[in-house]
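Notes to accompany the following structure.
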Amino acid sequence: MRSVEGFGRNVGCGGWVVTLAVFLCAIGSAQAMSGREVYDKVHEVRTKALDHKMEAAMVLFDKGGGTRGRTLVAYGRKGDAEAYKVLVLFKTPPDLKDVGFLVHARTFAERDLWAYFPEFKRIRRIPTSSQDDSFFGTDFSYDDFGGPSNLDDYSFKILREEAMDGKPCLVVEVTPKIRRKYTRYVAWVARDLWIHLKIEYYQDKEPYRQGTFTDVRMIDDIPTAFKGMMANMKTGHRTEFALDSIQYHTSFPDDLFTQRSLERAGK
């Protein structure tokens, strides 16, 4: 007859073996995914979020500690297949009021970008080569507001697993195959949510930009970061944002996303 002590030791050993098996199974599951498969899931979430209306506030911090505030509203509409449209309008401060940004994407690989400046009463086309430039003086880029990217333009490599804000993440290195302002970026992608919690852009070996995304909430089954920050590592400048409101599954008319609407601040 086995003693209670011996029985306890056996159960303890068995429990440890089961725990180890579960741990190894979890690692195997993560390693079984490719970096591209991770971003297929990220892309799916971004595509689900295309029909939306968002109101947000931004605060820009310069290296000397000075701050400037901005508010904006953004609308999105998903079209057929890979097509989509985006309209972003600044509401404040006065010198940026009604400045706007418009995206027409025929596919994830083909999109046209325009900016409108009421002061000059002129719409300016933004060339693809400028998509990584500053988004109206912030530390975000035009591309950050431009909708889902074409995944075939990148290569992906899973580097490791790592927790971020208590959430398990897959850390993925993403390298563009086409010329960009950055040579690669590393992203912390939250497992099961499939959104970025942190991102680091590099120009060769030098850090270029770094962003974090927090206060993640489920809105209509879409994970949404209500707070975020993007910093320029070279200038010491950073931009923080906070969502005031977000609506998904909207259905705005096509005439909201025209150059005429851009000139008239969505009116």
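The values are calculated or read from the model by the stated rules, or taken from the named source; none is laboratory data. This one's a predicted model, so the numbers in the text were calculated from it and none came from an experiment. Cβ sites come from the backbone with ideal geometry, for glycine too, and all protein chains shown count toward neighbours.
Residue selection: residue 73 fails the criterion of being buried (at least 19 other Cβ atoms within 10 Å of the Cβ), in a strand (DSSP E or B) and among the hydrophobic types (A, V, I, L, M, F, W, C).
What do you reckon, is residue 136 in contact (Cβ under 8 Å) with a residue 40 or more places away in the chain and either of a type in the set (Lys, Arg) or at positive phi (or both)? When the stated conditions are applied, residue 136 passes them. For beta carbons closer than 9 Å, sequence separation of 6+ or different chains, a first residue in the range 169-187 that is in contact (Cβ under 8 Å) with a residue 40 or more places away in the chain and a second that is of a type in the set (Asp, Glu) and part of a strand (DSSP E or B), the qualifying pairs are 170/161; 170/162.
Of the strands (runs of 3 or more DSSP E) lying entirely inside the range 80-126, the ones with 3 or more residues being surrounded by 15 or more Cβ atoms within 10 Å (Cβ to Cβ), hydrophobic (A, V, I, L, M, F, W, C) and in contact with a helix residue (DSSP H, G or I) (Cβ under 7 Å, 6 or more places away or on another chain) are found at 84-92.
If you check 1, 54 for being modelled with pLDDT of 50 or more and not in a helix (DSSP H, G or I), only one passes: 54. Name the single residue that is surrounded by the most Cβ atoms within 10 Å (Cβ to Cβ) among those in the range 186-205 being over 17 Å from residue 46 (Cα atoms) and within 17 Å of the chain's Cα centre (by Cα). It comes out as 201.
Results for (1) exposed (fewer than 13 other Cβ atoms within 10 Å of the Cβ); (2) of a type in the set (Asp, Glu); (3) in contact (Cβ under 8 Å) with a residue 12 or more places away in the chain; (4) in a loop (DSSP other than H, G, I, E, B), shown as yes or no for each residue.
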| site | (1), (2), (3), (4) |
| --- | --- |
| 210 | no, no, yes, no |
| 224 | no, no, yes, no |
| 227 | no, no, yes, no |
| 234 | yes, no, yes, yes |
| 252 | no, no, yes, yes |
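Residue 147 falls short on exactly one of the conditions (1) surrounded by fewer than 17 Cβ atoms within 10 Å (Cβ to Cβ); (2) of a type outside the set (A, V, I, L, M); (3) at pLDDT below 95, and that condition is (1). Taken over the range 169-185, the criterion of being farther than 21 Å from residue 108 by Cβ and either exposed (fewer than 15 other Cβ atoms within 10 Å of the Cβ) or of a type in the set (A, V, I, L, M) (or both) is satisfied by 170, 171. The set of residues in the range 47-68 that are closer than 23 Å to residue 249 by Cβ, buried (at least 17 other Cβ atoms within 10 Å of the Cβ) and touching a Gly at 6+ places or on another chain (Cβ under 9 Å) comprises 49, 50, 51, 52, 54.
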